[in-house]
Every structure is written in structure tokens, then in C-alpha cells.
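Here is the structure we will look at.
The values are calculated or read from the model by the stated rules, or taken from the named source; none is laboratory data. The shown structure was predicted, so the numbers you read here are calculated from the model rather than taken from an experiment. All Cβ positions, glycine included, derive from the backbone under ideal geometry; neighbour counts span all protein chains shown.
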């Protein structure tokens with residue numbers, strides 16, 4: 001699984017790269033803050049929602065600090081997903097380096 005920094009992800013989003021941003025945090029966490037355009041499927045529901053994701057689409061997995069997203073990324077790879085990227089430092093690092101207006105928790 002590849003890693004991407006928040007700054008690298010922002011550059012790719014700004015250049016309109018075709019990326020899926022998969023936020024695996026719990027619903028209550030997503031109510032606090034999200035990356036615009038992301039989809040939320042919590043880590044606890046990922047196994048029953050696999051068919052809603054494309055195995056060929058480049059997918060950046062996001063959580064709070066990068067641990068849950070790493071676990072989900074490995075799970076997705078074990079299930080045939082080939083273009084999985086983990087956001088290094090999670091949405092916390094995104095808020096600190098890319099979006100200073102984002103609420104942190």
C-alpha cells in the first residue's frame with residue numbers, strides 16, 4: 001500500500017485527479033470534519049460495503065491519525081483492491097498542514 005502526505009493529496013485534488021477519498025472514521029467523527037468530496041464507510045462497516053467500492057479506482061483511505069486507514073487499506077488489498085493509498089497522519093495531519101480552518105479533535 002502506498003502512502004500520500006496531506007500536501008501531496010491536496011495537489012492531486014487541485015489538479016482534479018480521479019481519486020476516491022474513503023473516510024473510515026465513525027459517523028460522529030465525520031460530523032466534526034471531513035475532506036470535501038470524501039465518502040464515509042466506517043471501519044466497522046467496510047466488510048459489508050465492499051461492493052460499493054471500485055477495485056480499479058485509485059482510493060485514498062483516511063481516518064483520524066492513519067492507523068485505522070492502514071488496517072482498512074490492507075483489508076481492501078486482501079480483497080482484490082489494487083490502487084489503495086493511505087493518508088499519512090490522517091485527517092489530523094490534513095488539518096494541521098493543508099486546512100487550518102478545519103476543526104480538530
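Observations
- Among residues of segment 1-29, those that are touching a residue at least 60 places away in the same chain (Cβ under 8 Å), surrounded by fewer than 16 Cβ atoms within 10 Å (Cβ to Cβ) and in a loop (DSSP other than H, G, I, E, B), counted: 2
- Taking segment 92-105 as the range and being surrounded by fewer than 17 Cβ atoms within 10 Å (Cβ to Cβ) and farther than 18 Å from residue 43 by Cβ as the test, the residues that pass are 96, 97, 99, 100, 101, 102, 103, 104.
- Being at pLDDT 95 or above, assigned to a strand (DSSP E or B) and touching a strand residue (DSSP E or B) at 6+ places or on another chain (Cβ under 7 Å) is a property that residue 85 has.
- Subset tally (residues that are more than 8 Å from the chain's Cα centre (by Cα) and closer than 17 Å to residue 29 by Cβ) for segment 50-67: 4
- Single match in 89, 73 (criterion: crowded, with 17+ Cβ neighbours inside 10 Å, within 22 Å of residue 12 (Cβ to Cβ), in contact (Cβ under 8 Å) with a residue 40 or more places away in the chain and touching a helix residue (DSSP H, G or I) at 6+ places or on another chain (Cβ under 9 Å)): 89
- Summed over segment 34-81, the residues that are outside any helix (DSSP H, G or I), in contact with a strand residue (DSSP E or B) (Cβ under 9 Å, 6 or more places away or on another chain) and under 17 Å from residue 19 (Cα atoms) give a count of 18.
- Just one of the listed residues (32, 39) is surrounded by fewer than 18 Cβ atoms within 10 Å (Cβ to Cβ), more than 14 Å from the chain's Cα centre (by Cα) and modelled with pLDDT of 95 or more, namely 32.
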